[in-house]
Every structure is written in C-alpha cells, then in structure tokens.
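Note sheet for the following structure.
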DNA sequence: AACGATACGGAATCACGAACCCGTTTGTGG
DNA sequence: CCACAAACGGGTTCGTGATTCCGTATCGTT
C-alpha cells in the first residue's frame, strides 16, 4: 500500500473517531473528510460506505474498552472488577456518542459490529458477571441480558443527569440494583 | 370550521398518533397522510410542519398519562401512587416510540412540548415524588431530576429486555433503587 | 529522470423526504 | 338549488447529504 494511502486511511479513521464521538452515527461524511483534511472521494476509496466506517470506529472503541475490561479482570477481585468495568463503560459511553449508541442499541438491529467483536463482548461481560455472581456480589437471578439492559439504562440515566455534578451517582444506584439484598 | 375539515383534522391526528407511536419522530409525513386517507397538502393545512404535528401528538399522549397520574394520586397511598405511575409510564413508553423519545430526551433540546404541558408534568411527578418521600417510601436525597433520569433509564432497560418474558422486572429493579435502604 | 499504477480532490449525480402550489372538488349559507 | 369560499390531493419544487466519476497529482519502481 502506498505510503500516502496508509497515512490518509489513518487520518480518516482518527477524524471519524472524533466526529462520530461528538455527533453520533448521523454525523456528515463531509465533516469527517474535512476534519481529516481529505476529499470525500478519499474516504470512499478506503471505506465502501459511511456505515462501514462507522462500524469500524465503533468496533475499535469497543475493543479498546474490552482490553481494559480484561486488565481489570486480571488485576482485581471479581466483584470489584465487574463493578469497576460497569462504571468505566458508562463513563466512556457518556463521552462518546457512537459508543453510547452502540450500548443503547446493544444487540440491536442497526450498525452491527462484526460478530467477532460482538462475541468477545458477550464473553467478556459474561465472564465477569459470572465471576461476580459466584463471589456473591451479584444476585443469582441476574442474566447476561439483564446486565446488558441495565448497562444501557445506566448510560441513559447518566446522560440525563441534569444539574447534578456528581457523575456516577445514578450509575451507582442502578448498578446497586444488581447486588443481593441484605 | 367546515365539517370535512374537522373530520380530516381528527383523522390526521389519529393517524399521526399511530404512526409516530410505531416509528418515532422520524416517521414520514406521507405515511401519516396515507394512513389518514388524505393528501400531504391536507396535513399541512392543519399543521404548519411535521414537527408541530409531532409535538401536538406527544403533548396529547403526555396529557393522557398525566390524567391517569392524577387519578392514581387521588385514589392511592402516596408511595403506591408514585410507583404505580412509574410502572404505568414505562409501560406506556415502551408501546409508543414517540412517548419513549419524549422521556429519553426529557427536558431535552428537540421536540419541545408546550410549556404548559411540561410544567404540568413537572408539577405532577414532583408532587407524587414529594408525597412518596414524605411517606418514607423514597430516599430523601432523590431529586426530581433524579426521578426523570431514572425514569428514562427504566424505559431503556425495559426496551432492551431481550428474551425475558417478565415485563416490569427491570423497571422494578431500577425503581427499587429509589427506596430507602433497610 | 521517466513511466505506469495508485491515489487524490471535489464537482456532479442521485435519492429521499419535507414543504408548497394550484387546478379541482365539496360543504354550506342564502 | 346556487354561488363561492374553504378545503382537498398530489404533482412539483427545494434542500440536504450520500455516493460516484474523472481529470489531475503523487508515489515508487526501473
């Protein structure tokens, strides 16, 4: 691959990462091209459609997040790791409209990330959930689907947090719903 | 007003109610016109823009919901009324993409309902919350903003409920986060 | 340094959906 | 029953944004 092509591809990905993070999946392709310092045609030489570019960006962000999840799982006690990841994921999603959308639509219909990433996501969160449950930190009737749904709910709550300067408070309240009663 | 005009206006409102409920604010105006058995021009003679029609529909649905809230507040104990309304609102939102959007965007930026409706909404939910708090059924640190955010979160959770045939379960879990600890 | 092969920019094209217009139809007061 | 204002429908216009095209510029190889 020619050097300039590689450079432009990287620039487009970086710009798309920024723009989609700010504006979500409906960002305009021209905005991305402009921010990358490139013409629209160049974007299309590297990605077949805007959708493909978007999916690529989301998949990358998700993979980054899962890397961090793996690190947490390795370093901390199961319960701790699970809830730490929860907070991390919500925090990240709140700063990134693309990721936010990905959680909200979750195993949804549009903007599907590659199966490979989806599978890793399920495996990782599933593993942490299972471990936390085994450690008695999470109610035994909580399924992986419950966790996905409530994670999305946490993101919603946190994004709606109006005039509250205590980030993580609502997320914590929702996450606490997973813990066993007294 | 001519009789046919009144009839068509009602038809358009009914059709818009259905279509927006199914498809949310991005439904196509022609779909609505078609479902109402009317031309696009007729829709525009009664409502200046698609947005105005949408707002009208949402405001009506919200007002209906608030009527039911008032009834609950009158008939039941404060705590009971508050949580019953919570479940009702989530249930209604899940069946209605327009209402769902309205809760999600809440005191948001787009599709603003008339101040009159917004105010009534704040007053009603605020009153029920206050009463529930006074009855000791809701933690004293929960603000109205918290309630809005967590209500939106409940809707998200419930909509994501995948392969779980127990409607209201996740909503209940989120709502329980409002209750005082033991 | 010269020559393909690649890649580039951005103007032109296409698609879609909101909003407008106007010739035709319909309701209704006299 | 009539005349005419009000209302109708749907074809037309307009704007927006994704995608394509192609003449030009650049890279890397001989």
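The values are calculated or read from the model by the stated rules, or taken from the named source; none is laboratory data. Keep in mind that this is a model prediction, so the values were computed, not measured. A quick note on method: Cβ atoms are made from the backbone with ideal geometry, for glycine too, and the neighbour counts reach across all protein chains shown.
Could you identify the single residue in A:155, A:138 that is more than 9 Å from chain B (Cβ to nearest Cβ), touching a helix residue (DSSP H, G or I) at 6+ places or on another chain (Cβ under 8 Å) and buried (at least 20 other Cβ atoms within 10 Å of the Cβ)?
Exactly one of A:155, A:138 is more than 9 Å from chain B (Cβ to nearest Cβ), touching a helix residue (DSSP H, G or I) at 6+ places or on another chain (Cβ under 8 Å) and buried (at least 20 other Cβ atoms within 10 Å of the Cβ), namely A:138.
Please enumerate the residues belonging to segment B:110-126 that are outside any helix (DSSP H, G or I) and buried (at least 18 other Cβ atoms within 10 Å of the Cβ).
Result: B:113, single match.
Could you check segment A:1-109 for helices (runs of 4 or more DSSP H) lying wholly inside it with 2 or more residues that are within 14 Å of chain B (Cβ to nearest Cβ) and more than 16 Å from DNA strand C (Cβ to nearest atom)?
Filter on segment A:1-109 gives A:78-95, A:97-105.
Filter segment A:128-160 for residues that are in a helix (DSSP H, G or I) and closer than 18 Å to residue B:167 by Cα and give the result.
A:144, A:145, A:146, A:147, A:148, A:149, A:150, A:151, A:152, A:153
Please identify the pairs in which a residue from segment B:3-21 that is touching a residue at least 12 places away in the same chain (Cβ under 8 Å) and within 10 Å of residue B:38 (Cβ to Cβ) has its Cβ atom under 7 Å from the Cβ atom of a residue that is within 13 Å of DNA strand C (Cβ to nearest atom) and outside any helix (DSSP H, G or I), counting only partners at least 6 apart or on another chain.
Close Cβ pairs (under 7 Å, with a partner that is within 13 Å of DNA strand C (Cβ to nearest atom) and outside any helix (DSSP H, G or I)) amount to B:8/B:38; B:11/B:38; B:12/B:38.
Residue B:125 - would you say it is under 25 Å from residue A:168 (Cβ atoms) and either within 12 Å of chain A (Cβ to nearest Cβ) or out of contact with any strand residue (DSSP E or B) (no Cβ under 9 Å at 6 or more places or on another chain) (or both)?
Judged against the criteria, residue B:125 is a match.
Could you grab the pairs with beta carbons closer than 6 Å, sequence gap of 6+ or different chains, first residue in segment B:71-89 and crowded, with 18+ Cβ neighbours inside 10 Å, second one in a loop (DSSP other than H, G, I, E, B)?
B:78/B:135; B:79/B:135; B:79/B:137
Give B:45, B:61, B:76 a once-over and let me know the one that is modelled with pLDDT of 95 or more and under 17 Å from residue B:127 (Cα atoms).
B:76
If you check residue A:38 against the conditions, is it within 13 Å of DNA strand D (Cβ to nearest atom) and in contact with a helix residue (DSSP H, G or I) (Cβ under 8 Å, 6 or more places away or on another chain)?
Considered against the rule, which asks whether it is within 13 Å of DNA strand D (Cβ to nearest atom) and in contact with a helix residue (DSSP H, G or I) (Cβ under 8 Å, 6 or more places away or on another chain), residue A:38 comes out as yes.
Could you list all residues from segment B:1-10 that are at pLDDT 95 or above and surrounded by fewer than 18 Cβ atoms within 10 Å (Cβ to Cβ)?
B:2, B:3, B:4, B:5, B:6, B:7, B:10 - these are the residues of segment B:1-10 that are at pLDDT 95 or above and surrounded by fewer than 18 Cβ atoms within 10 Å (Cβ to Cβ).
Tally time: how many residues in segment A:24-35 are free of Cβ contacts under 8 Å to residues at least 12 places away in the same chain and within 6 Å of DNA strand D (Cβ to nearest atom)?
Residues meeting the conditions: 2.
Could you grab the pairs with beta carbons closer than 9 Å, sequence gap of 6+ or different chains, first residue in segment B:161-182 and part of a helix (DSSP H, G or I), second one surrounded by fewer than 15 Cβ atoms within 10 Å (Cβ to Cβ) and modelled with pLDDT under 95?
Between residues of segment B:161-182 that are part of a helix (DSSP H, G or I) and residues that are surrounded by fewer than 15 Cβ atoms within 10 Å (Cβ to Cβ) and modelled with pLDDT under 95, the close pairs are B:170/B:164.
Of all residues in segment A:162-174, how many are touching a helix residue (DSSP H, G or I) at 6+ places or on another chain (Cβ under 6 Å) and crowded, with 21+ Cβ neighbours inside 10 Å?
3
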